[in-house]
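Data block below; observations after.
The values are calculated or read from the model by the stated rules, or taken from the named source; none is laboratory data. Computed from a prediction, not measured in an experiment: that's the story for all the values here. In this analysis, Cβ positions are derived from the backbone assuming ideal geometry, glycine residues included, and neighbour counts consider all displayed protein chains. All accessible areas refer to the heavy atoms of the entire protein, side chains included, with ligands and DNA or RNA removed. Shrake-Rupley method; radii C 1.70, N 1.55, O 1.52, S 1.80 Å.
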Amino acid sequence: MDTLTNLPPGNIMLQILAQAREGTVVYTSRELHIGFINDAMLRIWHKEDSIKGQPLKDVAPEFNEFLPILDRVWQNGEVYTATDTLANININGVLTPTYFDFEYRPVLDADGKTYAIINTATDVTGRVLAWQLVHEKEAQAESLNEELTSANEELIAINEEYQSTNEELVETQQDLQQLYNKLNISETLFRNIFEQAPVGLAWLTGKEMVVEQVNAPMLKIWGRTANEIVGKPHREARPELEGQPIFDLLERVFATGDTHENTELKVWLKSGNGLREAYINSVYTAVKNNDGDITGVLIILDDVTEVIAERRRREVIEEQFRLTVESADMGSWYVDTHSRKLTATNRVKELFGFHPDDEMTLDEAIVQIREDYRDNIVEIFNAALSNGEKYDVEFPTVGYHDSKLRWVRAFGKLYPAEMDDAPQFSGLLMEITESKEDEARKNDFVAMVSHELKTPLTSAKAFVQMLAQKALKNGDDFTEGSLQKVDRQIEKMQTLIKGFLDIARMESGKINLDRQHFIMSDLVKECVEENRLFSQRHQISVKPCGPVQVYADRDKIGQVINNFLSNAIKYSPNGKQIVVSCFITDAGVLQVNVTDEGMGINPQDKTRLFDRFYRVESKHTKTISGFGIGLYLCAEIIRRHGGEVGVESEMGQGSTFYFRLPIG
Ligand code: ADP
């Protein structure tokens, strides 16, 4: 701001000249076009304002005798001064002799060439006439001596006055020259700043606040074109502001010279044919001339409507979010990643067994996570923290004060840094103890029922097989065939029951991994041999990985490979080749792939295949029986080994199901 108001912009400069007491005219060409003339000079010359812009010889032929001098000044670039010089002033058609002290001062450019002449003049007729009077009086009789003396005294007084005026004039002229030089630079600078500023700028002049200059961003904010407003008093140019505080504020700045700032001021601005609600930040600064008089007001303005609208939207969303979180009895928390400071709601503290007024640090919270889950959860949090991924985990806590066991679900992510803030690791926490208990009860029930079903089914299967053998011996083909079918149905039921039992055990955490060291290729070969028996149509080949050893539950990993293989057979009725390959990845883990040429999987189904009871609904799968628990169990088994499962597939081309396990 200060730098702008300190600049003497062109118009301020001209205002100073305009108000000078000495007659001043600026010729801006060798033809002596009148670029500027102040009121004092117009009065001296007895001319109208309309002579501006015209050559001197056209508008004041009575001064023709001075033209050669002016031309010389233009050419030589030297100052010409004269005193007590007679010139005839045309007063209403009558040439009236008048005496002047005057100066022609050339204004030179950087190359020393004249590009303007400043002509200042003072009417000294009074003084000259006084001198003439002196001479006349001297020649007259002695009797007039007294009169002469008084005239003389008067003359001396006048002379002194003129003398000091002359000195002032010279000083002013020097100042003018300096200002003029500065003006050239500052005007360009000022204009550039004005036009290129990214904020709205407008310059209003005079008490009327005439819109002198306004830049493009300002026109856009005001909803106006330059033609509509430049050169007009601000009040007239923008009637839409009537009844709003702007005019009064500007007038106060003009009257007092005090700078005024608006912060997020609500205003109605023109927009198309109507008005729009806008919020603005603005500064109004009084512009002063060199005498310190206020000549106008500079407006700097920024339209912050969008920023505020965005903030409002965010506040509403945050409020809705807060209400949702509270009504769902959730807790929210965040960690400043620089300081590791944890900020948590009371509900979060409660879920870790702390009281609302307790301080709870991040480390203190972590200690309350049940020991068997703690390392794993910390690892997941750290991973989310370093790669910015989402996390969604369930874990039990043991209350700090009450030692109560609570199950919680935590989800959220790392939010990138905003402005100067550190990135924030945050999320929500909800209690799931009840649903965990329900699930446990359900699992126990399923486990019990499945277990109870297993025994009668096993004996039913034994009887069916015995009867089938008997029928075979008796040559009763129909009975034998029917019993075979019953046997297959019983087998399906057994598989289903085994699956239910596995799920129930897995989910209640009752499944234990019986880890041992074994060579993966051997297990792969065994599984492939087993599955070859089930399908004559498919060719199952193996690409072994050498004697790579893993430390895992051999039976359960076998169950995973078998599941992948039986699915590959089931879901590629028209495919031929099934390839099982085994290799070490770039990341140094062991990967086993089962690739088929089957029906493939839709991208949208891919992520859900490993969910419990998820089956793809399509005309191809309709006729293929299954329960949607195989892949879920595979995923759980591999996850418990610290590995991962996945699938790559293309519709109609085939699929590759894989798992990865650490070597060792
Ligand atoms: P199930 O085979 O008993 O339905 P799974 O959990 O083993 O259950 O598989 C879930 C679903 O994944 C299947 O219903 C099937 O739609 C799809 N799927 C599994 N393996 C393949 C495969 N190799 N090719 C195409 N789809 C498959």
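Quick notes on this structure:
- Residue 446 of a type in the set (A, V, I, L, M, F, W, C), under 30 Å from residue 328 (Cβ atoms) and not in a loop (DSSP other than H, G, I, E, B): yes
- All positions within the range 574-623 that are among the aromatic types (Phe, Trp, Tyr) and open to solvent by 70 Å² or more (accessible area, probe 1.4 Å): 583, 613
- Per-region count, the range 382-437, residues at pLDDT 90 or above, open to solvent by less than 80 Å² (accessible area, probe 1.4 Å), among the hydroxyl-bearing types (Ser, Thr, Tyr) and closer than 18 Å to residue 342 by Cβ: 1
- Listing of helices (runs of 4 or more DSSP H) fully contained in the range 326-430 that carry 3 or more residues being of a type in the set (D, E, K, R) and not assigned by TED's automatic domain parsing to the domain that holds residue 639: 346-351, 371-387
- Some residue of the range 629-646 being outside the structural domain of residue 491 (by TED's automatic domain parsing), under 44 Å from the mean Cα position of the chain (by Cα), within 13 Å of the ligand (Cβ to nearest atom) and part of a strand (DSSP E or B): yes
- Note on the range 227-240: among residues that are part of a helix (DSSP H, G or I) and either open to solvent by 70 Å² or more (accessible area, probe 1.4 Å) or touching a helix residue (DSSP H, G or I) at 6+ places or on another chain (Cβ under 6 Å) (or both), the one that is farthest from residue 284 (Cα to Cα) is 227.
- Residue 38 satisfies every condition listed in (1) over 57 Å from the mean Cα position of the chain (by Cα); (2) surrounded by 15 or more Cβ atoms within 10 Å (Cβ to Cβ) except (1).
- Any hit, the range 581-599, residues being assigned to a loop (DSSP other than H, G, I, E, B), within 18 Å of residue 524 (Cβ to Cβ) and either of a type in the set (Val, Ile, Thr) or within 12 Å of the ligand (Cβ to nearest atom) (or both): yes
- Total residues in the range 600-612, condition near the ligand (Cβ under 8 Å from one of its atoms) and assigned to a loop (DSSP other than H, G, I, E, B): 4
- Which numbered condition residue 245 misses (of (1) open to solvent by 20 Å² or more (accessible area, probe 1.4 Å); (2) touching a helix residue (DSSP H, G or I) at 6+ places or on another chain (Cβ under 9 Å); (3) under 17 Å from residue 280 (Cβ atoms)): (2)
- Residues in the range 562-573 that are open to solvent by less than 20 Å² (accessible area, probe 1.4 Å) and of a type outside the set (Ser, Thr, Tyr): 564, 565, 568.
- Which listed residue, of 58, 111, is within 22 Å of residue 35 (Cα to Cα) and modelled with pLDDT under 90: 111
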